[in-house]
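The values are calculated or read from the model by the stated rules, or taken from the named source; none is laboratory data. Given the structure is predicted, the values throughout are model-derived calculations rather than measurements. Quick reminder, even Gly has a Cβ in these numbers, built from the backbone with ideal geometry, and neighbours come from all protein chains shown. In case anyone asks, the SASA skips ligands and DNA or RNA and just uses the protein heavy atoms, side chains included. Shrake-Rupley method; radii C 1.70, N 1.55, O 1.52, S 1.80 Å.
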Amino acid sequence: MLAKIEQLLQEVKGLTAQNPEELEALRIKYLSKKGAINALMADFRNVPAEQKKEVGMKLNELKNLAQERIAALKETFENQDNSAAELDLTRTAYPIKLGTRHPLTIVRNEIIDIFGRMGFTIADGPEVEDDWHVFSSMNFPADHPARDMQDTFFIETHPDIILRTHTSSVQSRVMEVSQPPIRVICPGRVYRNEAISYRAHCFFHQVEGLYIDKNVSFTDLKQVLLQFAQEMFGPDTKIRLRPSYFPFTEPSAEMDISCDICGGEGCPFCKYTGWVEILGCGMVDPAVLEANGIDSKVYTGYAFGMGVERITNLKYKVKDLRMFSENDTRFLEEFESAN
């Protein structure tokens, strides 16, 4: 029996397998219930008493060696399988360049951060909306000419379902389920049926704000917007408010900032006026408050809205709006230092 054990020891020491199937065959041959080692164990009872100690030690050595060798081969195959699973042949060749945040994302996050420090929280809503939240709740009657200025995309079989033209629809949804004080900003993508050019696109991004409480005044609005302009464009930035018209605010205004290129002296960028328009704003029309379930005799509020592309253009001097959606990596790489 010692000679048989020694022979198996030499075989086990040299065990190799090319694949898991071969390894399983070796395990069955040596370690299964009907394998060679168990057969020797069963024959151990016939060993003379004086040889049992020596034979027993050799048998244990053989069994332990076989188990260790089989386990080592199994671990090798498992590691090979894991490596193969992690290899993606469709992946871009190494080294992979690190990306950067999109300029619109950089500016949007900065806007959110500035207003967040002034106590505004973020509100979100669907891009596919209904007529009520986009227009009717915002004081746009069905035949109002202001709707033509915000021509959007309609579902032909369900004309009441549209792509939102502004994030004012989110303000409406917030007012429906909340009572003042309300202080929110509504960032998001909006859509309008416009010809695509360097100045306009059929989709763009907005951040709108809404504050409703008792005794809110136009002075509060002006101070918030001044604080925003100075944090976004620099502490020396000045603002001016020009009378305007929006169906959902009264009084309404367009807000300009002093041109940060010429310092207000006049240049081609500001068309030699010294001012650049950045947003629209005003006091929330009482009709809007009442339509959304808020008592206009108790509460007042202000609202404002700006295009993220517009702010990004002013901040980084991007001349063509289309560049934001063309995914040209050469353009996007220019903003690495802004991250």
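Looking only at segment 256-276, residues that are touching a helix residue (DSSP H, G or I) at 6+ places or on another chain (Cβ under 8 Å) and farther than 14 Å from Asp236 by Cβ come to 1 in all. In segment 256-268, the qualifying residues are those that are touching a strand residue (DSSP E or B) at 6+ places or on another chain (Cβ under 7 Å) and among the hydrophobic types (A, V, I, L, M, F, W, C), and the one that is modelled with the highest pLDDT is Ile257. Residue pairs whose Cβ atoms lie under 7 Å apart, separated by 6 or more positions or on different chains, with the first residue in segment 41-59 and within 19 Å of Glu11 (Cβ to Cβ) and the second in a loop (DSSP other than H, G, I, E, B), are Asp43/Met1; Val55/Met1; Val55/Val47.
Going residue by residue through segment 114-136, is there one that turns out to be modelled with pLDDT under 85 and surrounded by 11 or more Cβ atoms within 10 Å (Cβ to Cβ)?
No, every residue in segment 114-136 fails to be modelled with pLDDT under 85 and surrounded by 11 or more Cβ atoms within 10 Å (Cβ to Cβ).
Scanning segment 285-301 turns up one or more residues that are open to solvent by less than 30 Å² (accessible area, probe 1.4 Å) and part of a helix (DSSP H, G or I). Residues in segment 235-284 that are open to solvent by 30 Å² or more (accessible area, probe 1.4 Å), of a type in the set (S, T, N, Q) and without any contact (Cβ under 8 Å) to a residue 24 or more places away in the chain: 1 in all. So for segment 195-206 (the condition being at pLDDT below 95, over 27 Å from the mean Cα position of the chain (by Cα) and open to solvent by 80 Å² or more (accessible area, probe 1.4 Å)), does at least one residue qualify? Yes. Assuming Thr16 fulfils every condition listed in (1) without any contact (Cβ under 8 Å) to a residue 40 or more places away in the chain; (2) of a type outside the set (Lys, Arg); (3) open to solvent by 70 Å² or more (accessible area, probe 1.4 Å); (4) within 22 Å of Glu78 (Cβ to Cβ) apart from one, which condition is it? For Thr16, the failing item is (1).
Annotation: of all residues in segment 302-339 being hydroxyl-bearing (Ser, Thr, Tyr) and open to solvent by less than 20 Å² (accessible area, probe 1.4 Å), the one that is farthest from the chain's Cα centre (by Cα) is Tyr302. Ile311 meets the conditions (1) farther than 18 Å from Ser137 by Cα; (2) of a type in the set (Val, Ile, Thr); (3) at pLDDT 95 or above in every case but one. The failed one is (3). Confirm whether Asn38 is loosely packed, with under 11 Cβ neighbours inside 10 Å, more than 60 Å from the chain's Cα centre (by Cα) and without any contact (Cβ under 8 Å) to a residue 12 or more places away in the chain. No, not satisfied.
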